[in-house]
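Working notes, structure below.
FYI, it's all coordinate maths here, none of it is from the lab. Keep in mind it's a predicted model, so treat the numbers as computed, not measured. We place every Cβ from the backbone using ideal geometry, glycine too, and count neighbours over all the protein chains shown.
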Amino acid sequence: MKFSEKQIKLILLMLSAIVVFLIPVFIKNQGYIQIFIVVMFFMYIATAWNFVGGFAGVLPLGNAAFIAIGAYTSTILFVQYGISPWVGMLAGGIISAIIGIIIGLPTFKLRGAYFALATIAFGEGIKVLFQNIDKIGSVNVGGARGILISYSGDSFANFQWVSRIPYYYIILVMLIILLAITVFLMNSKMGYYLIAGGEDPEAAASLGVNVAKYKLIAMALSAFFTAIAGTFYAQWILYILPKSVGSIDLSFEIAFIAIIGGRGTIIGPILGALLLKPLGELTRTYLGGALPGLHLFILGLILVLVMIYQPRGIQEVLTKIFNRFVKKMVTIKRS
């Protein structure tokens, strides 16, 4: 039976999806499942970052702030008012989208490093606020102590389970939905306008593209989906601290993963997280005590090397290797 290159790629994609879906069936160790969750979590937030940092052509370095907003919104609503985290997840996403637009209005007028510095200031400002505010009226924010989420038993409505497996499938579904939205948008008129405005804003504007409008839409989408990840993190860990959900280290890590993988591409953030997060987790586990922050140093070093030798990210090399493999398979089938 003969297969075209497109058919072989589709078959390989389906096989990969089946393998990912069946991982918890064959791997029972909760520690390994946890590692897979971490990898997919970073795939998700790097893909959300890519709306602005990749397709819109700017460099946000404060996206952890939206994770913090999402985490605190859903957690406060759940712990203090008994509102389901699923509802709080949407509330945090909407609040973050609005804040993203408000932040984007002045900052998108900045160019280069000035935009990056402005987003760093925003991210650090959000973290400092959560660290130093204990209460806003009757609302307990927790301050530097953070907020502990009490475990109330396995419950879909409460977004809580003892096993890691439900979290695995939830983040997998979240990732698939976000990738589907990304593919749809990037193949739509909005996606073409967004990419054109990111690559050459002046040329795009001269052709009638409202560059600022589409960048604001990208910022709102990025903030919304990033905040949803904040709710997932809060219910997954059951404890949030300002320095864990809103740190500058986390913002840098998100950006590094997307850039090293290949910013402005759909597969780039996926490959970046798949290759770099296990390395980061191993470094943090075995060397983090003696050399804290070493994983960020390694990511920075890899980033420098990629920018010098492979400025479009590792996705370019891996895509070429994959295409050659598919062509060889086609040749074998035909012979």
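Between residue 94 and residue 286, what is the label-point separation in nm under the 7 Å Cα-to-beta-carbon projection?
Here the answer is 4.8 nm between the modelled labels.
Separation between the residue 279 and residue 317 pseudo-spin-labels, each 7 Å from Cα along Cα→Cβ, expressed in nm?
0.9 nm
With r defined as the distance between the Cβ atoms of residue 34 and residue 298 and R0 fixed at 30 Å, what FRET efficiency is calculated, to the nearest 0.05?
Once rounded, the FRET efficiency stands at 0.90.
Taking the Cα of residue 135, stepping 7 Å toward and past its beta carbon, and measuring to each backbone N in the range 40-76: which are under 15 Å?
Once the point is set 7 Å along Cα→Cβ of residue 135, nothing inside the range 40-76 turns out to lie under 15 Å by backbone N.
Specify which residue in the list 234, 294, 184 is farthest towards the positive end of the charge dipole of the chain, using unit charges on the beta carbon of Lys, Arg (+1) and Asp, Glu (-1), about the Cα centre.
Farthest towards the positive end: 184.
Just add up the charged neighbours of residue 144: K/R +1, D/E -1, any other residue whose Cβ is under 14 Å from the Cβ of residue 144.
That works out to +3.
Given N residues in the range 160-224, what is Rg(Cα) / (2.2 N^0.38 Å)?
Relative to the rule-of-thumb radius for its length, the range 160-224 sits at 1.55.
Set the bar at 32 Å for Cα to Cα. Now go through 109/320; 28/277; 215/243; 109/243; 189/320 and name every pair that lies beyond it.
Where the Cα-Cα span goes over 32 Å, the pairs concerned are 109/320.
Please compute the modelled spin-label separation between residue 205 and residue 13, points set 7 Å along Cα→Cβ, answer in nm with one decimal.
3.6 nm
How would you order 27-33, 89-95, 64-70 from highest to lowest mean count of nearby Cβ atoms within 10 Å?
Highest mean packing first, the order is 64-70, 89-95, 27-33.
Quick one: dipole size for the range 5-334, taken about the Cα centre, charges +1 on Lys/Arg Cβ and -1 on Asp/Glu Cβ, in debye to the nearest 20.
860 debye
Sum up the charges of everything whose Cβ sits under 14 Å from the Cβ of residue 313, counting Lys and Arg as +1 and Asp and Glu as -1, but leave residue 313 out.
It works out to a net charge of +2.
With N denoting the number of residues in the chain, provide Rg(C-alpha) divided by 2.2 N^0.38 Å, to two decimal places.
Cα-based Rg divided by the globular estimate yields 1.03.
So between residue 237 and residue 121, what do we pick up on full extension, going 0.36 nm a residue minus the alpha carbon distance?
39.1 nm
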